[in-house]
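Student: Dropping the structure in here first, questions after.
The values are calculated or read from the model by the stated rules, or taken from the named source; none is laboratory data. All of these numbers come straight from a predicted model, not from anything done at the bench. All Cβ positions, even for glycine, are placed from backbone atoms using ideal geometry, and neighbour counts span all protein chains on display.
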Amino acid sequence: MAQMRFLLIVVFALACSASHDPHILRCLVCQKLVEEIEFEVQKVDPRKKVDVGSYRIDANGNQDQRAVPYARSELHLTEVLETICNKMDDYVRATYKSSGELTVLKLITNDGKLNEDMGKVDVIQDSDLNRSLKFYCEGIVEENEEAIVRLFSQKEDDIDIKLCTESAKLCSITLEKEQELSENDEL
């Protein structure tokens, strides 16, 4: 833990100061939000089920209940959304050294290693210590909670595009394509 704190201090000390369009930043935060929710859903045992439906008994003495996978249930997704924005504390704003393009980067990956892309970026020193990332995340969740639950419960493809571009209208298709091209160039 002490090593990680030291690493974070070093990263912030070496960071450069810059500002970028908040619309692009909100788009990037939305995409990272989708990644974090997907990670939380994948962590749940796929065999775990939860009963959903009505507890009322109909005229025939039956209840309208069925077991659904817990991971993508409305119950689990709602629980995830309550705390998911705390994960934004693990992210920093940065720009790619090669293109100057803004990105939101997780410092430590989910497997506990330093993000390999840290050498490819200049971290943006932020007077609010990137609290705005969490603020944007909370706003996105609050404004789009129903869409998030619907998309994840139905296990949609391309949730980042459906949520961030189509539903929340935070990303433009042009921005999406530019990022894909940039990521392909980085590889």
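Student: If you go through the stretch 85-107 one residue at a time, how many are of a type outside the set (A, V, I, L, M, F, W, C) and not in a strand (DSSP E or B)?
Tutor: Count: 9.
Student: In addition: Kindly establish whether Val80 is modelled with pLDDT of 95 or more and either over 16 Å from Val29 (Cβ atoms) or not hydroxyl-bearing (Ser, Thr, Tyr) (or both).
Tutor: So Val80 passes the test.
Student: Do the conditions hold for Ile124, that is, is it farther than 16 Å from Pro22 by Cα, surrounded by 13 or more Cβ atoms within 10 Å (Cβ to Cβ), modelled with pLDDT under 95 and touching a strand residue (DSSP E or B) at 6+ places or on another chain (Cβ under 9 Å)?
Tutor: When the stated conditions are applied, Ile124 does not pass them.
Student: Collect the residues in the stretch 90-121 that are touching a residue at least 24 places away in the same chain (Cβ under 8 Å), under 18 Å from Leu33 (Cβ atoms) and hydrophobic (A, V, I, L, M, F, W, C), keeping them in residue-number order.
Tutor: Selection gives Val92, Ala94, Leu102, Val104, Leu107, Ile108.
Student: Just to be sure before I move on: is Arg56 among the basic types (Lys, Arg), loosely packed, with under 12 Cβ neighbours inside 10 Å and at pLDDT 50 or above in the structure I sent?
Tutor: yes
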